[in-house]
Amino acid sequence: MPSCGVLSAAVKERPLVRVKDLPACGEQVELWWRKRRLWCRESLCRRRSFTQTCEAVKPRARITERLRDKLATAIARSNRPVSDVAAEYGVSWPTAHTALVAAAARWLPEPTPTSRLGIDETRFASVRWILDDITWKRSNPWLTSFVDCSPDKPGSLLGLAPGRSGGCVRDWLAAQSEEFRAAIEIVIIDPSAPYASGIRAALPQARIAVDKWHLVALANGMVTDVRQRVTRDLLGRRGRNSDPLWVNRKLLLTGAEHLSAKQWRRFTTMLHEHDPTGEIGAAWAVKERLRMLLAEHEASRIRWRLADFYEAAIDADLPEATRLAGTIQTWWPAILVALTERVSNARTEGFNRIIKQVKRAGCGYRNMINYQRRILTHIAVTRPQRSAA
């Protein structure tokens, strides 16, 4: 008897229990189990009767444990909708979802300490305005991911937090152990002031590094803004397929070292014939100076490239270039950390790609907790040697 420990062989009844199991040869399998219910002969026992148990089938369960594990693995590994997997194995949506929830508790341990922490955001859903009593509030459909970016590890997704504010970063870090927070030396982010404020509050000992890719993206955006402004000033409209500046716009965003001889000829001809003010060429020169700066790692060359970039921005005398130079000046301590330590947020961006794939498979999620669980379990199953969460 489970309660009193007294052995009993008195059978009360033998009900027939039907249990679903793994398919065999493409056919659904249903087990029929004569599950004996026994009497307890101990007079002081309050339970009076009990049922036989089996490790393969939990009490009151209608599916086997191996089918339950298969459901959870199939949902997580293939990144398929829960309803699709449930239909394949002949179970209901709640049964398949419950199997995934139970498996997630086993698959997702606590984050392991790391010296390099990457932080970035992805969008959870479309931005909407929600009526709250008598006022309209803008939804915050963002999700912040925390990634292990240590050079001596393959990388792992450590956790997720709703929002993209300094508060969500501070709260997630506060929920971790003191050992985890003390181990962090560098935090890699986009040039985001809210993230930086949250990091300074939660990790005063850590240094902040700004990812170089986003700085190059800002420079490319600056060149695009100048090209669009010059086009409007010259033609009084937006660019069209008949305009060389618009047709060759991607040449302006391509690194100089990646242009072929033919592309160089097209590039110089475009600037010579369709950039009478020289503003587009000057903006492109500022962008290239920034790219050369971000490619350096030696302190003396970094100082020289930085002065060269500022000089090009001053000579260009463009509001867009001045704004870019101001951004570089504001974030320069964090940029210098990224250059000297040779760190980037590439791993975080890689996990963001996986997060977006999970979102596409689900055709959007209304429940933030389910969305986080699907992301973490998918990564835990598909990258078992790399993911710690």
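The values are calculated or read from the model by the stated rules, or taken from the named source; none is laboratory data. What you are looking at is a predicted structure, and each value in this text was computed from that prediction instead of being measured. Every residue, glycine as well, gets a Cβ built from its backbone with ideal geometry; the counts of neighbours run over all protein chains shown.
Could you run through the range 209-228 and say how many residues are in contact with a helix residue (DSSP H, G or I) (Cβ under 8 Å, 6 or more places away or on another chain) and surrounded by fewer than 20 Cβ atoms within 10 Å (Cβ to Cβ)? Show your work before the answer.
Keep residues of the range 209-228 that are in contact with a helix residue (DSSP H, G or I) (Cβ under 8 Å, 6 or more places away or on another chain), which gives 209-213, 215-216, 218-220, 222-227.
Filter once more, keeping what is surrounded by fewer than 20 Cβ atoms within 10 Å (Cβ to Cβ): 213, 216, 218, 220, 224-225.
So the count comes out to 6.
If we scan the range 335-350, do we find a residue that is within 17 Å of N79 (Cα to Cα), within 26 Å of the chain's Cα centre (by Cα) and assigned to a helix (DSSP H, G or I)?
If we filter the range 335-350 for residues that are within 17 Å of N79 (Cα to Cα), which is where we start, we get 350.
Next, from what is left, pick out any that are within 26 Å of the chain's Cα centre (by Cα): 350.
Adding the requirement that they be assigned to a helix (DSSP H, G or I) leaves 350.
Checked against the condition, which is being within 17 Å of N79 (Cα to Cα), within 26 Å of the chain's Cα centre (by Cα) and assigned to a helix (DSSP H, G or I), the range 335-350 yields at least one hit.
Mind checking which residues of the range 351-380 are assigned to a helix (DSSP H, G or I) and either at positive phi or of a type in the set (G, A, S) (or both)? Working first, answer last.
We begin by selecting, within the range 351-380, every residue assigned to a helix (DSSP H, G or I); these are 351-361, 368-380.
Of everything in the range 351-380, those that are assigned to a helix (DSSP H, G or I) and either at positive phi or of a type in the set (G, A, S) (or both) turn out to be A361, A380.
Going through S139, S115, S177, S150 one at a time, which residue ends up being touching a helix residue (DSSP H, G or I) at 6+ places or on another chain (Cβ under 8 Å) and polar (S, T, N, Q)?
When all the criteria are applied, what remains is S115.
Can you spot a residue in the range 233-246 that is modelled with pLDDT of 95 or more and either among the polar types (S, T, N, Q) or buried (at least 20 other Cβ atoms within 10 Å of the Cβ) (or both)?
no
State all residues of the range 233-269 that are under 38 Å from the mean Cα position of the chain (by Cα) and among the basic types (K, R); if no residue qualifies, say none.
Selection gives R238, R240, R249, K250.
Quick one: which residue in A321, A283, A312 is crowded, with 19+ Cβ neighbours inside 10 Å and closer than 19 Å to G239 by Cβ? If you could, list the steps in order and put the result at the bottom.
Numbers: A321 fails: closer than 19 Å to G239 by Cβ; A312 fails: closer than 19 Å to G239 by Cβ.
Checking each option against the conditions leaves just A283.
Mind telling me which of the residues A61, A76 ends up being surrounded by 14 or more Cβ atoms within 10 Å (Cβ to Cβ) and more than 18 Å from P15 (Cα to Cα)? Let's see the steps before the verdict.
Numbers: A61 fails: more than 18 Å from P15 (Cα to Cα).
Exactly one of A61, A76 is surrounded by 14 or more Cβ atoms within 10 Å (Cβ to Cβ) and more than 18 Å from P15 (Cα to Cα), namely A76.
Can you say whether A102 is under 28 Å from N367 (Cα atoms), touching a Leu at 6+ places or on another chain (Cβ under 7 Å) and either of a type in the set (S, T, Y) or outside the structural domain of A175 (by TED's automatic domain parsing) (or both), as far as the supplied structure shows? Break it down stepwise before answering.
Details: under 28 Å from N367 (Cα atoms): yes; touching a Leu at 6+ places or on another chain (Cβ under 7 Å): no; either of a type in the set (S, T, Y) or outside the structural domain of A175 (by TED's automatic domain parsing) (or both): yes.
So A102 fails the test.
Just to be sure before I move on: is W304 of a type outside the set (A, V, I, L, M) and touching a Pro at 6+ places or on another chain (Cβ under 8 Å) in the structure I sent? Explain how you work it out, then say what you get.
On the way: of a type outside the set (A, V, I, L, M): yes; touching a Pro at 6+ places or on another chain (Cβ under 8 Å): no.
So W304 fails the test.
If a residue has to be modelled with pLDDT of 90 or more and either outside any helix (DSSP H, G or I) or in the same structural domain as V187 (by TED's automatic domain parsing) (or both) to count, how many in the range 77-89 make the cut?
Of the residues in that region, 1 qualify.
Mind counting the residues in the range 277-334 that are of a type in the set (D, E, K, R) and under 32 Å from the mean Cα position of the chain (by Cα)? Outline the logic, then answer.
So in the range 277-334, the residues of a type in the set (D, E, K, R) come out as 279, 287-289, 291, 296, 298, 301, 303, 305, 308, 311, 315, 317, 320, 323.
Still in the running and under 32 Å from the mean Cα position of the chain (by Cα): 287-289, 291, 296, 298, 320, 323.
Residues in the range 277-334 being of a type in the set (D, E, K, R) and under 32 Å from the mean Cα position of the chain (by Cα): 8 in total.
Is one or more of the residues making up the range 318-334 in a loop (DSSP other than H, G, I, E, B) and either modelled with pLDDT under 95 or among the aliphatic types (A, V, I, L, M) (or both)? Walk me through it before giving the result.
Filtering the range 318-334 for residues in a loop (DSSP other than H, G, I, E, B) gives 318, 331.
Checking which are either modelled with pLDDT under 95 or among the aliphatic types (A, V, I, L, M) (or both) leaves us with 318.
Within the range 318-334 (the criterion being in a loop (DSSP other than H, G, I, E, B) and either modelled with pLDDT under 95 or among the aliphatic types (A, V, I, L, M) (or both)), the answer is yes, since at least one residue qualifies.
Of these, R342, R353, R373, R366, which one is in contact (Cβ under 8 Å) with a residue 60 or more places away in the chain, of a type outside the set (A, V, I, L, M) and exposed (fewer than 13 other Cβ atoms within 10 Å of the Cβ)?
Every option except R366 fails the conditions.
So which helices (runs of 4 or more DSSP H) stay within the range 135-219 end to end and still have 3 or more residues that are outside the structural domain of G255 (by TED's automatic domain parsing), touching a residue at least 24 places away in the same chain (Cβ under 8 Å) and under 21 Å from A346 (Cα atoms)? Before you say what the answer is, go through the steps one by one.
Working: elements: 166-174, 178-183, 193-202.
Output list reads 193-202.
To keep it simple, each residue is scored yes or no on (1) outside the structural domain of Y310 (by TED's automatic domain parsing); (2) touching a strand residue (DSSP E or B) at 6+ places or on another chain (Cβ under 6 Å); (3) not aromatic (F, W, Y).
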position: Q329; (1), (2), (3): no, no, yes
position: P333; (1), (2), (3): no, no, yes
position: V337; (1), (2), (3): no, yes, yes
position: G350; (1), (2), (3): yes, no, yes
position: I354; (1), (2), (3): yes, no, yes
position: R360; (1), (2), (3): yes, no, yes
position: M368; (1), (2), (3): yes, yes, yes
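Looking at (1) of a type in the set (S, T, N, Q); (2) over 16 Å from the mean Cα position of the chain (by Cα); (3) surrounded by 19 or more Cβ atoms within 10 Å (Cβ to Cβ), which is the only condition T112 fails?
With (1) of a type in the set (S, T, N, Q); (2) over 16 Å from the mean Cα position of the chain (by Cα); (3) surrounded by 19 or more Cβ atoms within 10 Å (Cβ to Cβ) applied to T112, the lone miss is (3).
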